[in-house]
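Undergrad: Just passing along the structure, written as structure tokens.
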Number of protein chains: 2
Amino acid sequence: MIDMRRLKSSDADFGRQLDELLAWESVADTQVEDTVAEILRQVRDRGDAAVIEYTNHFDRRNLQSAAEFSLSQADLEAALERIPAAERESLEAAAARIRDYHRHQLQESWQYREADGTVLGQQIAPMERVGIYVPGGKASYPSSVLMNAIPARVAGVDSVAMVVPAPDDQLNDLVLAAAAIAGVDRLYTIGGAQAVAALAYGTESIEGVDKIVGPGNIFVAAAKRAVFGRVAIDMIAGPSEILVICDGETDPDWIAMDLLSQAEHDQQAQSILLSPDADFIDSVAVSLEKLLADLPRRDIAAQSLAERGALIRVDSIEEAIAVSNRIAPEHLEVSVEEPEQYLPQIRHAGAIFLGRYTAEALGDYCAGPNHVLPTSGTARFSSPLGVYDFLKRSSIIYCSPQGADKLGRIAGNLARGEGLEAHARSARYRVKG
Amino acid sequence: MIDMRRLKSSDADFGRQLDELLAWESVADTQVEDTVAEILRQVRDRGDAAVIEYTNHFDRRNLQSAAEFSLSQADLEAALERIPAAERESLEAAAARIRDYHRHQLQESWQYREADGTVLGQQIAPMERVGIYVPGGKASYPSSVLMNAIPARVAGVDSVAMVVPAPDDQLNDLVLAAAAIAGVDRLYTIGGAQAVAALAYGTESIEGVDKIVGPGNIFVAAAKRAVFGRVAIDMIAGPSEILVICDGETDPDWIAMDLLSQAEHDQQAQSILLSPDADFIDSVAVSLEKLLADLPRRDIAAQSLAERGALIRVDSIEEAIAVSNRIAPEHLEVSVEEPEQYLPQIRHAGAIFLGRYTAEALGDYCAGPNHVLPTSGTARFSSPLGVYDFLKRSSIIYCSPQGADKLGRIAGNLARGEGLEAHARSARYRVKG
């Protein structure tokens, strides 16, 4: 029996119980930070030699030269040929849909001209070089390659490099095939803080990048945090979460499996159901028990449900949405009749899955939108990974003589108010008489 | 005599010399980080009481209660009434232009429907609460209030809070007036790491925010870095820089004053001129010497030019642009004939000032674009502060039964390839027969 938390939004201390349920904070680990700082320093100072040493040590490899951790396009193409046709077709279908969706995120440079001839605008351009981190071993997911590389490619980034560790020389063919499909330019079989350092600082064989994206373990996260500022990084993700709002009319097995699909990720993953229908909540609990039994990852899923899951009775769908806005979930399923009517009320969520047919898992792989989403309530202030994450903007100002005259007077006043006389004079030089 | 660096792009070791010129790195200071960590902990645990203690200590104040560090709308309006009419008009004119420009950055939610009825899209919404840090004392700039608060307001943020320290109980009326004009909702006269902590965690009297923006000293920067992840932050800025490209046909006094307007910010500011005209470079050097003499901040400007400035002879405007792309300057002035022809070649710059009449100082105050710009080469991967910094996105997926059937098959295949069986089953439940 899973002993899953049951809450009621009408309970007097529901707010406190909800805070307890959501409590999660990444703990800073000084020892990890010190180890990472030393790795970063070594790679910055000694380049490939340090990368090789750390890789041989941590990944139990026997690299003699940098050439041995570089894969060629031919290596990627070969992996694509080796994988089963059904998986190749699925990867290609997913990639095509992800590409189509992300093209809607492209943004255009814009300008406007004022009456006096002054032109203002913003020029939007892709970054030059991006690096993608892909974990090795069990958590080496081809879907993650597609989701990170395709938006960069759609943005028009010149060069997309990818790092993936090969512990004991093992690589996942599906991951290499996904890299071929996504259009990765360069692939290095290295991982950990040493790979992040190589991407951030560059080495003799690896060109430094402008931005590093992709998930990783605690060492990778600490390294990304440490190089933030020198290069751009994506958000550092917490455990994955799903919040399902259901009116009680969806098959309880479907909803239970949606909750389990999140719970099977890891013990810290969080699955929450909100429903106004008490009988339905009971049915889902029964389904969870039943469906868990023959899942390969049942131990992980059961622990996740017991420690971090919850079944919450609410008064109405509207109240469920208010609770959801407070949680700002990574994934929000709205499994109700006419779900689109609730969109305007949904304020914070990484991705919103509407209707009974939209399983969250579709979004993980192939619906089109990105599966890299803000976790742990950060949907309050951040967005899914997208094309916009690989574009940047330059302001454009082109003053006519008349415009410079008008603006020079205003700027002159304000600069003097701030005690910046050279600013005032520079502006006033362009004021007529 | 200012002993300003002179370089030639044709020199064999120009690349190395350029690297030396640009070398600048914010140094992590462990003692500062430890102090800040303790302040953050105290404010998180003890709220207002800790904020009051630190403020009394660092800002030499004698606060007895939280009410004393809160200003009302009436206080802001009173400051607006007190300032001279010319300055009020200039602030209002600047605010109107900044608002107009930033309205062009608003983005709309979008959706599209596929042939089988599946709907995909992205919902774009403002953040709820934003906090703006404004430095106190000498560096307390009203223009900074406008540049940080107006984009948040244009984005539609519900509540904009501002913190500004009042050392020895001194506040700048222009800063309070700018807050009134920009539409700041709440103003707290606190600063330093304790103000960042109050905004990030919330206290009894200060509601926690979702994002913190604005410049500050080393303690503020360390505090922002430490709370990054719990809340969003803007970039942590380095010293300000200007790169001027001139064909030699602009008045050398104008160009010299543009360089000086950057140099007067602080000793670490960087002013660089690129020109193919050797005589013009000499003329600018003479102008610099002459114009520096009666600047109130001449000591700061002279030190900045001597330590970090450079006059660089290039072969052509095209080569100057290539050098500029390598530098990725915060401010780029293109003071040449028909400057717009070079826009497509300019790859990395925070703001681009085109033509002889567009003094960089106009952009600092009132042209319209934001003056919060990426420094130290970070224009390679980041953008001016904008409305987009206060918006966030939620993906939308609404599958038709037909769409769920098609996508469920693909997702099922890929989930099994990744060993995630609950994902596969959740997707396959929606596949027909």
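Undergrad: Sort out which residues of the stretch A:394-405 are assigned to a helix (DSSP H, G or I) and touching an Asp or Glu at 6+ places or on another chain (Cβ under 7 Å), and write them in order of number.
TA: Taking the stretch A:394-405 first, the residues assigned to a helix (DSSP H, G or I) are A:401-405.
Result: A:402, A:403.
Undergrad: Over 29 Å from the mean Cα position of the chain (by Cα) and over 30 Å from residue A:7 (Cα atoms): does that describe residue A:64?
TA: Yes; evaluated as a whole, the condition is true for this residue.
Undergrad: Just to be sure before I move on: is residue B:109 open to solvent by 10 Å² or more (accessible area, probe 1.4 Å) and among the polar types (S, T, N, Q) in the structure I sent? Reasoning before the result, please.
TA: Numbers: open to solvent by 10 Å² or more (accessible area, probe 1.4 Å): yes; among the polar types (S, T, N, Q): yes.
In short, yes.
Undergrad: Would you please list the contacts, defined by Cβ atoms under 7 Å and residues six or more apart or on different chains, that run from a residue in the stretch B:30-55 that is assigned by TED's automatic domain parsing to the domain that holds residue B:217 to a residue that is of a type in the set (Asp, Glu) and open to solvent by 50 Å² or more (accessible area, probe 1.4 Å)?
TA: B:47/B:204; B:48/B:204
Undergrad: Okay, moving on. Just to be sure before I move on: is residue A:166 under 19 Å from residue A:68 (Cβ atoms) and at pLDDT 95 or above in the structure I sent?
TA: On the way: under 19 Å from residue A:68 (Cβ atoms): yes; at pLDDT 95 or above: yes.
Yes, satisfied.
Undergrad: Residue A:328 is checked against (1) more than 8 Å from chain B (Cβ to nearest Cβ); (2) touching a strand residue (DSSP E or B) at 6+ places or on another chain (Cβ under 9 Å); (3) open to solvent by less than 20 Å² (accessible area, probe 1.4 Å) and fails just one. What number does that condition carry?
TA: Result: residue A:328 fails condition (2) only.
Let's see how each residue does on (1) hydroxyl-bearing (Ser, Thr, Tyr); (2) facing chain A (nearest Cβ under 7 Å):
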{"site": "B:356", "(1), (2)": "no, no"}
{"site": "B:368", "(1), (2)": "no, yes"}
{"site": "B:381", "(1), (2)": "no, yes"}
{"site": "B:401", "(1), (2)": "no, yes"}
{"site": "B:416", "(1), (2)": "no, no"}
{"site": "B:420", "(1), (2)": "no, yes"}
{"site": "B:426", "(1), (2)": "yes, yes"}
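Undergrad: Can you run down the residue pairs with Cβ atoms below 7 Å, 6 or more apart or on separate chains, where the first is in the stretch A:232-256 and without any contact (Cβ under 8 Å) to a residue 60 or more places away in the chain and the partner is in a helix (DSSP H, G or I) and of a type in the set (Ser, Thr, Tyr)?
TA: Pairs that qualify, where the first residue is without any contact (Cβ under 8 Å) to a residue 60 or more places away in the chain and the partner is in a helix (DSSP H, G or I) and of a type in the set (Ser, Thr, Tyr), are A:252/A:283; A:252/A:287; A:253/A:287; A:256/A:287.
Undergrad: Filter the stretch B:350-393 down to the residues that are outside any loop (DSSP other than H, G, I, E, B) and among the aromatic types (Phe, Trp, Tyr), then identify the one that is surrounded by the most Cβ atoms within 10 Å (Cβ to Cβ).
TA: Of the stretch B:350-393, the ones outside any loop (DSSP other than H, G, I, E, B) are B:351-354, B:360-365, B:378-380, B:387-393.
From what's left, among the aromatic types (Phe, Trp, Tyr): B:353, B:365, B:388, B:390.
On the way: B:353: 28, B:365: 32, B:388: 21, B:390: 25.
Only one residue fits best here, namely B:365.
Per-residue answers, yes or no, for (1) in a helix (DSSP H, G or I); (2) within 19 Å of residue B:189 (Cα to Cα):
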residue	(1), (2)
B:37	yes, no
B:40	yes, yes
B:45	yes, no
B:50	yes, yes
B:54	yes, yes
B:60	no, yes
B:67	yes, yes
B:76	yes, yes
B:80	yes, yes
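Undergrad: While we're here: If a residue counts only when it is in contact with a His (Cβ under 7 Å, 6 or more places away or on another chain) and either more than 9 Å from chain B (Cβ to nearest Cβ) or without any contact (Cβ under 8 Å) to a residue 24 or more places away in the chain (or both), which helices (runs of 4 or more DSSP H) contained entirely in the stretch A:97-206 have at least 1 such residues? Before you say what the answer is, go through the steps one by one.
TA: Working: elements: A:142-155, A:173-182, A:192-201.
It comes to A:142-155.
Undergrad: Another question about this same structure. Please indicate, with yes or no, whether at least one residue in the stretch B:291-310 is closer than 22 Å to residue B:329 by Cβ, over 23 Å from the mean Cα position of the chain (by Cα) and open to solvent by less than 10 Å² (accessible area, probe 1.4 Å).
TA: For the stretch B:291-310, residues closer than 22 Å to residue B:329 by Cβ, over 23 Å from the mean Cα position of the chain (by Cα) and open to solvent by less than 10 Å² (accessible area, probe 1.4 Å): present.
Undergrad: Criterion first (touching a Ser or Thr at 6+ places or on another chain (Cβ under 9 Å) and either assigned to a helix (DSSP H, G or I) or not assigned by TED's automatic domain parsing to the domain that holds residue B:135 (or both)) does residue B:92 satisfy it? Don't jump to the end; show me each part of the working.
TA: Numbers: touching a Ser or Thr at 6+ places or on another chain (Cβ under 9 Å): no; either assigned to a helix (DSSP H, G or I) or not assigned by TED's automatic domain parsing to the domain that holds residue B:135 (or both): yes.
No: the conditions fail for residue B:92.
Undergrad: Could you look through the stretch B:332-349, keep only residues that are part of a helix (DSSP H, G or I) and in contact with a strand residue (DSSP E or B) (Cβ under 7 Å, 6 or more places away or on another chain), and pick out the one that is farthest from the other protein chains (Cβ to nearest Cβ)? Spell out the reasoning first.
TA: Taking the stretch B:332-349 as the starting set, the residues that turn out to be part of a helix (DSSP H, G or I) are B:339-345.
Next, only the ones that are in contact with a strand residue (DSSP E or B) (Cβ under 7 Å, 6 or more places away or on another chain) stay: B:339-340, B:342-343.
On the way: B:339: 7, B:340: 7, B:342: 11, B:343: 6 Å.
Among those residues, the one meeting the criterion is B:342.
Undergrad: Considering the stretch A:65-85 alone, what residues qualify as being out of contact with any helix residue (DSSP H, G or I) (no Cβ under 6 Å at 6 or more places or on another chain), farther than 28 Å from residue A:389 by Cβ and not polar (S, T, N, Q)?
TA: Answer for the stretch A:65-85, where residues must be out of contact with any helix residue (DSSP H, G or I) (no Cβ under 6 Å at 6 or more places or on another chain), farther than 28 Å from residue A:389 by Cβ and not polar (S, T, N, Q): A:67, A:68, A:74, A:78, A:81, A:84, A:85.
The values are calculated or read from the model by the stated rules, or taken from the named source; none is laboratory data. What you see is a predicted model; the values in this text were computed from it and never measured. Neighbour counts are summed over all protein chains in view; Cβ atoms, including those assigned to glycine, are modelled from backbone coordinates with ideal geometry. Please note that ligands, DNA and RNA were not included when accessible areas were found on the heavy atoms of the full protein model with its side chains. Shrake-Rupley method; radii C 1.70, N 1.55, O 1.52, S 1.80 Å.
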